[in-house]
Structures are given as structure tokens and as C-alpha cells.
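The values are calculated or read from the model by the stated rules, or taken from the named source; none is laboratory data. Model, not experiment: these values are computed from the prediction. We place every Cβ from the backbone using ideal geometry, glycine too, and count neighbours over all the protein chains shown.
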Amino acid sequence: MSKNILVTGGCGYIGSVLVPMLLQRGYKVRVFDKLYFGEDPLRNVHDKIELIPGDVRNFNISILDGIEGVIHLGSLSNDPTAAFDPNANRTINYEGTMKLAEACKKRGIERFTFASTCAVYGFHLEGIADESFPAIPQSDYAKSKLDVDTDLPKMADKNFCPVIFRQATVFGFSPRMRWDIVINAFVMHAFKTGRLDVWFGGEAWRPVVHVRDTAEAHICGLEAEPDKVRGEIFNLVYKNYRILELAHRVRKALAGMGINVDLDVNYDQVDNRSYRTNGEKITRVLGFTPKVSVEEGVKEIVDALRSGQYRDFDHPIYYNMRWMKLLVEVEDRLKKTGKVL
């Protein structure tokens with residue numbers, strides 16, 4: 001089993017949950033991160049890891065010295081940020097990933113897991129997408145991930161074992177908290193406004209998976225017998241829900257914790273951004289099944305909020321798109337003054 005692990009994007013939403021889990025299991029962890037969101041998400045383990053700031057588009061191959069396995073999470077992580085900077089989306093999500101994978105293979109690093117997305121399937125009103133379902137990406141973000149999904153398995157051989165996880169919409173508490181994803185957003189709005197607002201009738205389907213289960217899957221991919229995962233793609237999903245059902249589940253979970261909120265559903269428009277995914281393959285092949293429910297995830301978020309953390313709901317750092325725009329604005333202002341961010 002590989003013990004020296006490189007985690008790219010280790011200070012991010014998934015990474016800041018994954019890194020402590022790796023440490024608890026006896027791994028030595030090196031984190032390579034652009035630090036868009038700073039080092040604070042890993043403040044509790046700073047003294048236990050090696051943190052190297054850097055950009056996957058332009059990395060020094062020395063980051064791989066002594067490394068035996070790589071979990072590659074670092075990327076622009078949703079449609080809006082990818083659309084905001086299409087060039088960065090392409091050079092980070094696709095070119096940067098392939099460059100890193102090629103360097104790993106050249107260095108003889110066998111194990112490599114990649115965080116892809118169920119968004120590669122596009123929106124479909126009929127059917128539940130398994131890994132053989134036609135991929136019809138409908139955004140630059142999804143296209144960049146699909147291109148990796150297509151090219152990375154071609155690199156697999158007896159000495160290089162890449163595995164791809166097509167992640168559903170991730171939810172749950174993380175030290176790098178996000179309020180711009182559906183379940184988290186529902187809880188945040190309940191605290192902020194005392195209500196849950198559901199748009200487009202809430203009829204659209206979404207596959208979801210808890211952030212801790214997502215981290216567990218990557219560890220499972222790292223530790224699995226190579227012949228089971230070499231060049232394989234796995235959907236990673238807990239369950240599929242309509243948005244309205246998610247709102248009702250969140251509302252009921254909140255009520256169970258003494259937080260009663262109103263639910264308002266707007267039917268003015270129809271949301272065709274609907275899709276479902278099938279996660280049976282990962283259970284069948286690896287014996288791994290995501291376990292953390294929506295209700296458990298809600299409780300963890302509420303516990304963090306009740307402790308007084310992450311309650312500056314309007315701060316842009318909790319929203320990927322807002323934070324990205326702010327960083328660009330700051331960088332532009334610094335350039336005009338002859339300074340560098």
C-alpha cells in the first residue's frame with residue numbers, strides 16, 4: 001500500500017476533509033495547492049503535512065519526490081468558474097491533469113486517482129446514467145473533465161494505475177466550507193432567512209454524495225487491487241433526489257434539531273437541468289457504497305453553525321464564483337500599481 005501520498009487541491013472543499021482522513025490512517029501527506037482559498041482549511045494538521053504552494057499548470061517535478069500515490073482533486077470545480085475563465089478551465093482541468101499524470105507515469109508512481117464529475121453525462125430527462133451511458137457534456141467544465149476521462153485510461157499499463165471517480169454533487173461540512181452547492185445552500189438559507197426557497201418547482205433530479213464518502217472513495221481507489229481499478233471509471237453517488245425532495249428532507253432534518261423554517265416553491269419556470277446516475281459499479285467491483293445520508297450531512301453543518309463557525313454567509317470565500325471574481329479584480333488592481341498578487 002502506498003504510504004507517501006500527494007494530494008493536489010488538498011486545501012479545497014474535498015481535500016480538507018480527505019487530508020486528515022489520510023493522516024489518521026498512517027499516510028504521510030504532501031499537499032500541492034494553488035491556495036486560492038488559503039491554508040486555513042488545513043490549520044488543524046499544518047504540523048503533520050508538507051504543504052507546497054503551486055499551480056498544476058506549471059509545477060516543478062520535484063513535488064513527486066518520494067511520492068508513491070497521487071489523489072488529484074485540484075481543478076476549477078464547477079460550471080460558473082469554468083465559464084468565467086475558459087482558458088484556465090482548459091489549461092488546469094485538462095492540460096494540467098494530463099501533464100501531472102504523465103509526470104507520475106514517468107516517475108514510476110503507480111497509483112493515481114482523479115476527481116471527475118457526473119456532469120459529463122449532460123442533462124437527460126429519461127434514464128439513469130451508468131458508466132456506459134453516452135456522455136454529452138453541456139458546459140466547458142464538464143467537457144474538460146470528460147476529455148481527461150477519455151485520455152487518462154489510455155495511459156494505463158502494468159506500471160501505471162489511474163482510476164476515475166465521476167462525483168455526484170458533493171455536500172456536507174468541510175473546513176473549506178461552501179454555500180454554493182444545493183444541500184449546503186438550503187441549510188445556509190434556513191439559518192439566514194428562516195425559509196427554504198425552491199425554484200422551478202424543484203422537479204429536476206440531482207445525484208448527491210457526502211464529502212466524507214467522496215474522500216473515502218479516493219482512498220479506496222488508492223488501496224484497491226490494481227487489476228480492479230486500472231483505467232476504470234466509477235460513478236460516485238449516494239442517491240438521486242428531486243430538488244424539492246431534498247428541500248423537504250433538509251426541512252425535516254432541521255425541525256428535528258429544533259429549527260422550524262417555511263418552505264416556498266416557485267413554479268414560474270421549468271428547470272431542464274436534470275439528471276440521475278447509477279452507482280452500482282463501484283459497489284460491485286470495490287465493495288464500496290456511500291453511506292452518509294442527507295440528514296446526517298445537515299446535522300453536521302448545523303453543529304458547525306451552532307458553534308459559531310462559518311456564519312458570515314455573505315463572505316465571497318464561501319462561493320467559488322464570487323471568490324474567483326474577487327481574486328481577478330484584486331490581481332488587476334495590483335497589476336495597475338506594478339505589484340504582484
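The table that follows gives values for the structure above.
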{"item": "Check on PRO175, in a strand (DSSP E or B), at pLDDT 95 or above and closer than 25 Å to SER16 by Cα", "result": "no"}
{"item": "Test set (1) under 21 Å from the mean Cα position of the chain (by Cα); (2) not in a helix (DSSP H, G or I) - LEU246 fails condition number", "result": "(2)"}
{"item": "Qualifying residues in the stretch 40-51 (those that are surrounded by 15 or more Cβ atoms within 10 Å (Cβ to Cβ) and either touching an Asp or Glu at 6+ places or on another chain (Cβ under 6 Å) or without any contact (Cβ under 8 Å) to a residue 60 or more places away in the chain (or both)) - the one nearest to TYR310 (Cα to Cα)", "result": "VAL45"}
{"item": "Residue count for the stretch 178-213, restricted to those that are assigned to a helix (DSSP H, G or I) and of a type in the set (Lys, Arg)", "result": "2"}
{"item": "From GLY9, GLY15, GLY26, residue being without any contact (Cβ under 8 Å) to a residue 40 or more places away in the chain and among the small types (Gly, Ala, Ser)", "result": "GLY26"}
{"item": "In the stretch 15-30, the residues that are out of contact with any strand residue (DSSP E or B) (no Cβ under 9 Å at 6 or more places or on another chain) and over 20 Å from HIS210 (Cα atoms)", "result": "GLY26"}
{"item": "Selection status of VAL187, among the β-branched types (Val, Ile, Thr), in contact with a Leu (Cβ under 7 Å, 6 or more places away or on another chain) and either surrounded by fewer than 23 Cβ atoms within 10 Å (Cβ to Cβ) or within 24 Å of ARG242 (Cα to Cα) (or both)", "result": "no"}
{"item": "Count of the stretch 125-172 residues which are among the acidic types (Asp, Glu), at pLDDT below 95 and in a helix (DSSP H, G or I)", "result": "1"}
{"item": "Residues being at pLDDT 95 or above, part of a loop (DSSP other than H, G, I, E, B) and within 11 Å of GLY74 (Cα to Cα) - total across the stretch 9-53", "result": "6"}
{"item": "First in the stretch 250-274 and closer than 22 Å to LYS192 by Cβ, second anywhere and loosely packed, with under 12 Cβ neighbours inside 10 Å, Cβ under 9 Å, 6 or more apart", "result": "ARG251/ASN260; ARG251/ASP262; LEU254/ASN260; ILE259/GLY194; ASN260/GLY194; VAL261/GLY194; VAL261/ALA255; ASP262/GLY194"}
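Listed here are the residues, each with its yes/no results for (1) surrounded by 18 or more Cβ atoms within 10 Å (Cβ to Cβ); (2) in contact with a Lys or Arg (Cβ under 7 Å, 6 or more places away or on another chain); (3) without any contact (Cβ under 8 Å) to a residue 40 or more places away in the chain.
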residue: PRO290; (1), (2), (3): yes, no, no
residue: GLU296; (1), (2), (3): no, no, no
residue: VAL302; (1), (2), (3): yes, no, no
residue: LEU305; (1), (2), (3): yes, yes, no
residue: ASP314; (1), (2), (3): no, no, yes
residue: TYR318; (1), (2), (3): yes, yes, no
residue: LYS325; (1), (2), (3): no, no, no
residue: GLU329; (1), (2), (3): no, no, yes
